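Structure first, commentary second.
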Amino acid sequence: MRGVFFVFSYQYDKFPMIEMNFASKESCLVMKKSQHILFFLMVMAASPAWAKGEGELFPSYVNLQNYGIKFDGSDNDKATLDAIFSSINSGSILSIPYVRNATLPSGYSPQGTSGKTDLLINFNNDLKNQSDFDNIDGYPKIQFDKNGVLSYKKSVSNNDKAIVPNVWLEYYNNHTSPPGQRPDHRNLVLMGHSGESLGYPPNNPRASGDTLNLENIMRSMGRSGYGGFDINSYNFMNRYGTNWVWNSINQLNELGNTPIHSTDKALNDASDTREWVQEWDLSGFGPEEKCSYYNPSCGYRTGLLFSAWLTGGGVNRQWQPEHAYKLGEAISVSVNGIDYSFIATKEGISGKKKPDWDINFVVVGCDPRFPNSNTAHATLLDSKGKLLESCEDYKKKHDKPLYDGEVEWSFNSLIGLEISNVIRLSQTDNQDIKYGTFLSSNAIFYNAIMDFSEAKFYKNSEYQTVLRTKPDTYIDFTAHANLETQNLHILGYDSHEKSLSYKINKQSVLKVKDDGGIVLNSATREEIKNIKNSEDGEIIFDKTDKIPVIFTKGKWLKIVVSGEL
């Protein structure tokens, strides 16, 4: 049997990984509690002796306490330390044990580390002058506190422009699921338990929990401006296949049986619980650019930025003569000044002469599993879903590829990108789920709550519509975040009256009907006379005398009408 241990490794000549090194059982470290070497995870497995290749020296494990180093901060330790650093091989592990008041020589700069990679140092974070180890450029350092809590550090200051991750985890999944099954394969799982402990039951009324499961902390101290980007969290995903994909999901599940903010009837404890599926916070100080008072895009601070650009479909890839094209490879072709995507449906070497591109050269899609995903599929099935003809027979009838040497091309799509939704609130069918508000705010604004003054519209759009809503929905103009002021002045389309209606206290005072007619507010003669604070030019329809009246010079006057239309 062989022993397996994992080492976080770092090399400039290749991307680092979490490296699995195999050694004989006798070579593995004997870990003592006093040394706090908690980082090594010992697993028994059958395996070759060393993964790096034959003839390579086995890295050393050096316990510095065994070399007479006193760790008293004196210069006497320097020579011994330099001798050790000079003698060890790449991949070696240096351990500084916990010694009370242990101190490195002040200003110590390790000698003999040049050209050595994968050098790992672990030490207790009570060690004084430990920052001197930062002079070992690019090498990771492991620290433990007196409770055995691990911290991992690496310093890079050389002018190395290569992308050198601190930790790299890679996972390959080529699993083929049976139809209808979607097993969950996970690359990395971090699971925390708050309010419960091993050996203790959940719902412990004395447990407080108060746990932060994952914390990303980054200190941005660079001074390069646009020349340096600091990103605290970056989710990067490439889609090549046809799986449904999510780049990021935040999900909060309420699994308790007591409604939020109510007393638990089983455990008899009250709750003032609140929930946030996600929260963004920004702290700082200082004004914004003055132009942001009328042009939001010229400001410097943005809470959420959604941007998009073209990839795939052969974007910026032009046709080449006598070129080897693979199946599924795409190119961009200009036809009558419009850019289109063409895809290779048969691989091979392209011809010497540029083809006469035409979007009428099309190879039809054909997959009876998804009859509604392409117009061609509908002809393969009858109304009951029975297959009328095979894909092969259908393609023989309708395929019209463009021949280019050995390659066959098909029109694929316009070169462009359309995104139907940026933010969408969905509803789960057949469940009683209601939302109080989609967007709300109690913040102070200095420009506008919504500003689309820079928005551009597709040239074929008939109307440049900013807001679209369904009938019998209204805009409320007079609310003050209380029930009494809701829906006093509202504007919307009334499907019963078939008109755009402005309502005050549920009564229409102005309507614009579907035929373009305008209906004024109406009242009886006595009601009109009792109206207070009337203004010159105010017009109301008198329901008593069936005639419009106007307020002018301090009194109401009839608007004289005569003769039928």
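Across the stretch 393-403, the qualifying residues are those that are more than 41 Å from the chain's Cα centre (by Cα) and not basic (Lys, Arg), and the one among them that is modelled with the highest pLDDT is Tyr403. Restricting to the stretch 74-123, name every residue that is open to solvent by less than 10 Å² (accessible area, probe 1.4 Å) and among the hydroxyl-bearing types (Ser, Thr, Tyr). The answer is Ser92, Ser95, Tyr108. The single condition among (1) of a type outside the set (D, E, K, R); (2) out of contact with any strand residue (DSSP E or B) (no Cβ under 7 Å at 6 or more places or on another chain); (3) without any contact (Cβ under 8 Å) to a residue 60 or more places away in the chain that Leu267 does not meet is (3).
For the stretch 536-565, a residue qualifies if it is loosely packed, with under 10 Cβ neighbours inside 10 Å and within 60 Å of the chain's Cα centre (by Cα), and the qualifying residues are Asp536, Gly537. Pairs linking a residue in the stretch 541-565 that is under 9 Å from Ile528 (Cβ atoms) to a residue that is open to solvent by 100 Å² or more (accessible area, probe 1.4 Å) and in a strand (DSSP E or B), with Cβ atoms under 8 Å and 6 or more positions apart or on different chains, are Asp542/Lys558; Val549/Lys558.
Note on the stretch 303-317: among residues that are surrounded by 10 or more Cβ atoms within 10 Å (Cβ to Cβ) and out of contact with any Asp or Glu (no Cβ under 8 Å at 6 or more places or on another chain), the one that is nearest to Ile359 (Cα to Cα) is Gly313. In the set (1) touching a Phe, Trp or Tyr at 6+ places or on another chain (Cβ under 7 Å); (2) touching a residue at least 60 places away in the same chain (Cβ under 8 Å), Val315 fails one condition alone, (1).
Residues in the stretch 433-480 that are surrounded by fewer than 10 Cβ atoms within 10 Å (Cβ to Cβ) and either aliphatic (A, V, I, L, M) or part of a strand (DSSP E or B) (or both): Ile433, Leu439, Ala443, Ile444, Ile449, Ala455, Val466, Leu467. Of all residues in the stretch 100-130, those satisfying the criterion of being farther than 19 Å from Ser87 by Cα and modelled with pLDDT under 75 are Phe123, Asn124, Asn125, Asp126, Gln130.
Taking the conditions exactly as written (open to solvent by 60 Å² or more (accessible area, probe 1.4 Å) and either touching a strand residue (DSSP E or B) at 6+ places or on another chain (Cβ under 8 Å) or touching a residue at least 40 places away in the same chain (Cβ under 8 Å) (or both)), does Tyr493 satisfy them or not? Taking the combined requirement at face value, the residue satisfies it. Checked against (1) acidic (Asp, Glu); (2) modelled with pLDDT of 95 or more; (3) open to solvent by less than 50 Å² (accessible area, probe 1.4 Å), Glu406 meets all criteria but (3). Taking the criterion of being without any contact (Cβ under 8 Å) to a residue 24 or more places away in the chain, closer than 30 Å to Tyr294 by Cβ, open to solvent by 70 Å² or more (accessible area, probe 1.4 Å) and of a type in the set (D, E, K, R), would at least one residue in the stretch 515-535 satisfy it? Taking every residue of the stretch 515-535 in turn, none turns out to be without any contact (Cβ under 8 Å) to a residue 24 or more places away in the chain, closer than 30 Å to Tyr294 by Cβ, open to solvent by 70 Å² or more (accessible area, probe 1.4 Å) and of a type in the set (D, E, K, R).
Of the numbered criteria (1) outside any loop (DSSP other than H, G, I, E, B); (2) open to solvent by 50 Å² or more (accessible area, probe 1.4 Å); (3) of a type in the set (D, E, K, R), the one Lys503 fails is (2).
Per-residue answers, yes or no, for (1) within 30 Å of Glu418 (Cα to Cα); (2) surrounded by fewer than 16 Cβ atoms within 10 Å (Cβ to Cβ):
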position: Ala266; (1), (2): no, yes
position: Gln278; (1), (2): yes, yes
position: Glu289; (1), (2): no, yes
position: Pro296; (1), (2): yes, no
position: Gln320; (1), (2): yes, yes
position: Ile331; (1), (2): yes, no
position: Phe342; (1), (2): yes, no
position: Ser350; (1), (2): no, no
position: Asp358; (1), (2): yes, yes
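All conditions in (1) touching a residue at least 12 places away in the same chain (Cβ under 8 Å); (2) out of contact with any Ser or Thr (no Cβ under 6 Å at 6 or more places or on another chain) hold for Gly209, with the sole exception of (2). Screening Ser453 against (1) touching a Lys or Arg at 6+ places or on another chain (Cβ under 7 Å); (2) of a type in the set (Ser, Thr, Tyr); (3) at pLDDT below 95 leaves a single unmet condition, (1).
Pairing each residue of the stretch 475-487 that is hydrophobic (A, V, I, L, M, F, W, C) with any residue that is at pLDDT 95 or above and surrounded by 11 or more Cβ atoms within 10 Å (Cβ to Cβ), provided the two are 6+ apart or on different chains, yields C-beta distances under 6 Å for Ile475/Leu491; Phe477/His489.
Beta carbons closer than 9 Å, at least 6 apart along the sequence or on distinct chains, pair a first residue in the stretch 415-443 that is farther than 30 Å from Phe342 by Cα and among the hydroxyl-bearing types (Ser, Thr, Tyr) with a second that is assigned to a loop (DSSP other than H, G, I, E, B) and open to solvent by 100 Å² or more (accessible area, probe 1.4 Å) for Ser441/Ile449. When Lys326 is tested against (1) modelled with pLDDT of 95 or more; (2) under 33 Å from the mean Cα position of the chain (by Cα); (3) under 18 Å from Phe411 (Cβ atoms), just one condition goes unmet, and that condition is (3).
Residue count for the stretch 413-426 satisfying the condition of being open to solvent by 90 Å² or more (accessible area, probe 1.4 Å) and under 22 Å from the mean Cα position of the chain (by Cα): 6. When Asp210, Asp230 are checked against the criterion of being assigned to a loop (DSSP other than H, G, I, E, B) and surrounded by 10 or more Cβ atoms within 10 Å (Cβ to Cβ), a single residue qualifies: Asp230.
The values are calculated or read from the model by the stated rules, or taken from the named source; none is laboratory data. The shown structure was predicted, so the numbers you read here are calculated from the model rather than taken from an experiment. No Cβ is skipped: glycine too gets one built from the backbone with ideal geometry, and neighbour counts run over all protein chains shown. With ligands, DNA and RNA removed, areas are computed over all heavy atoms of the protein, side chains included. Shrake-Rupley method; radii C 1.70, N 1.55, O 1.52, S 1.80 Å.
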